[in-house]
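Okay, structure first, notes after.
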Amino acid sequence: DSPLVSPQEMLVGRYGEGAKLIYELQDQGGELLALRYDLTVPFARYLAMNKITNMKRYHVAKVYRRDNPATTRGRYREFYQCDFDIAGQFDPMIPDAECLKIVHEILSDLQLGDFLIRVNHRQILNGVFAVCGIPESKFITTCSTVDKLDKMPWEEVRSEMVGEKGLSPEAADRIGEYVQLHGGLDLIERLLQDPKLSQNKLAKEGLGDMKLLFEYLTLFGIMGKVSFDLSLARGLDYYTGVIYEAVLLQQENDHVEEPVSVGSVAGGGRYDGLVGMFDPKGRKVPCVGVSIGIERIFSILEQRVEASGEKVRTTETQVLVATPHKHLIAARLKLISELWDAGIKAEMLYKKDPKLLKQLQYCEDTGIPLAAIVGEQELTDGVVKLRDVATREEVRM
């Protein structure tokens with residue numbers, strides 16, 4: 001587990017425009033600290049401090065953002081992230097393809113409905129910016145503006161580039177011709193032939209990576225859910241290669257051909273320079289990873305359950321220990337203790353003399369499948385009456 005609190009300078013300057021959402025703290029001696037913003041930067045710091053050059057791990061933990069919460073859409077100031085990362089020097093695109101396979105597997109198993117994994121590459125984006133005449137000093141800020149294309153139309157993104165980021169209208173229009181493209185291997189081939197992009201070293205390398213990645217994803221059998229999307233930028237500073245984001249799709253009605261995105265539920269990419277930033281000797285450890293937005297997924301599942309009206313079990317209890325009349329708490333405590341010792345998930349009501357009907361009603365309300373009933377007669381006979389709550393069948397054992 002990585003630390004929850006870090007010196008502020010460890011986090012600031014890693015997140016682009018997200019830096020304004022870092023939760024800042026101060027200790028008794030006045031040292032400036034911050035709560036972790038994600039699990040990636042603390043992971044990179046952990047690798048550097050422990051001189052680890054090879055690791056594959058997952059981590060589920062809380063992170064903090066000084067954001068305006070929107071709890072109905074699963075946006076909180078304190079929330080869980082589920083991260084999976086592969087660190088180490090490996091041949092190109094093999095770990096990257098595995099990360100995407102994992103996203104596909106998780107979203108398929110959760111049965112959240114139709115989804116799409118949008119994939120892009122930071123070097124392709126930087127190559128696009130370069131051939132459109134953007135100075136390198138403005139690459140990162142242009143990136144965070146392009147990243148808003150999934151939330152607002154091109155016209156608004158263009159006016160932010162020109163008005164706030166100081167790009168020329170001509171440069172913005174040239175960027176617009178590229179960042180609105182999406183497709184598959186065919187688009188990669190087309191861009192490799194593009195007279196301007198094919199002359200740019202960064203773009204050429206990035207497109208080569210993407211071609212290899214898509215070949216591996218085809219072998220993994222997941223290309224049906226993957227799209228090469230040049231508008232994907234992911235506004236974080238630390239990405240250096242492949243970047244991706246998974247969005248859930250929602251068919252608004254039968255007449256709509258194009259599915260509508262209902263928001264990102266996972267994201268990640270390659271960050272080869274981050275570990276080196278924390279290493280005193282600048283030793284680099286290439287890394288690639290993915291983060292699953294568990295709160296967003298929960299809010300979608302909760303809305304779905306609410307709409308269907310079905311009951312959700314909030315407990316894994318297998319059996320409720322019940323008594324039919326008064327003065328039998330000792331029998332319940334003895335039996336429940338035996339069940340707990342045997343590793344059986346059991347509950348009882350915290351009342352000395354509860355009514356049997358109330359106990360059985362509790363089973364129905366919480367979905368507990370069995371009731372173990374001990375009354376005077378059962379105690380005399382040395383048996384327990386096991387009742388199937390749903391069918392009301394009973395057996396003595």
With all protein chains present and a 1.4 Å probe, how do Ser6, Ser291 order by accessible area, largest first? Ser291, Ser6
Centroid-to-centroid separation of segment 290-339 and segment 1-67 [C-alpha atoms, Å]: 35 Å
Net charge, Ile117 excluded, C-beta distance under 14 Å - Lys, Arg +1, Asp, Glu -1: -3
To test your reading of the geometry: what angle, between 0 and 90 degrees and rounded to tens, separates the Cα axis of helix 40-49 from the longest principal axis of the chain? 80 degrees
With all protein chains present, segment 319-396 has a carbon and sulfur share of its accessible area (1.4 Å probe) in percent of 56 percent
Helix 122-131 sits at what angle to the longest principal axis of the chain, using alpha carbons and giving 0 to 90 degrees rounded to 10? 30 degrees
Out of these labelled values of Cα extents along the principal axes in Å, [x] 74, 48, 48; [y] 91, 63, 40; [z] 73, 72, 46, which was calculated from the coordinates shown here? [y]
Taking a ≥ b ≥ c as the square roots of the Cα gyration tensor eigenvalues, with a/c under 1.5 meaning rounded and otherwise prolate when a/b beats b/c, else oblate, which class fits segment 319-396? rounded
I need the shape label for segment 253-391. Rule: rounded when a/c is under 1.5, else prolate if a/b > b/c, else oblate, with a, b, c from the alpha carbon gyration tensor. oblate
In debye, nearest 20: dipole of segment 218-347 around its Cα centre with unit charges on the Cβ of K, R (+) and D, E (-)? 720 debye
How far is helix 329-341 tilted, in degrees, relative to the longest principal axis of the Cα atoms in the chain, given as a value from 0 to 90 rounded to the nearest 10? 40 degrees
Area of Lys385 that stays accessible when all protein chains are in place (1.4 Å probe, Å², to 10): 50 Å²
Accessible surface of segment 5-307, 1.4 Å probe, proportion on carbon and sulfur as whole %: 52 percent
Please compute the per residue accessible area over the chain with all protein chains in place, 1.4 Å probe, rounded to a whole number of Å². 53 Å²
Helix-derived mean residue ellipticity, 222 nm - over the chain, DSSP H n ≥ 4, -39500 (n - 2.57), to 500: -11000 deg cm²/dmol
Heavy-atom accessible area of Glu105, protein chains in place, probe 1.4 angstrom, given in Å² to nearest 10, is 100 Å²
Area accessible to solvent at Asp365, 1.4 Å probe radius, in Å²: 90 Å²
Hey, for a label at Glu310 modelled as a point 7 Å past Cα toward Cβ, could you say which residues of segment 86-123 have their backbone N under 20 Å away? 106-115
Put Met223, Met277 in order of accessible area, largest first, probe 1.4 Å, and you get Met277, Met223
Three-way shape label, segment 189-240, alpha-carbon gyration tensor, a/c 1.5: oblate
May I ask you to list the aspartates and glutamates whose Cα is less than 12 Å away from that of Lys211, ignoring any residue fewer than eight positions away on the same chain? Asp186, Glu189
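The values are calculated or read from the model by the stated rules, or taken from the named source; none is laboratory data. Not measured: the values here are computed from a predicted model. Positions of Cβ are backbone-derived with ideal geometry, glycine not excepted, and every protein chain shown enters the neighbour counts. The protein model used for the area step is the full one, side chains on, heavy atoms only, and it has no ligands, DNA or RNA in it. Shrake-Rupley method; radii C 1.70, N 1.55, O 1.52, S 1.80 Å.
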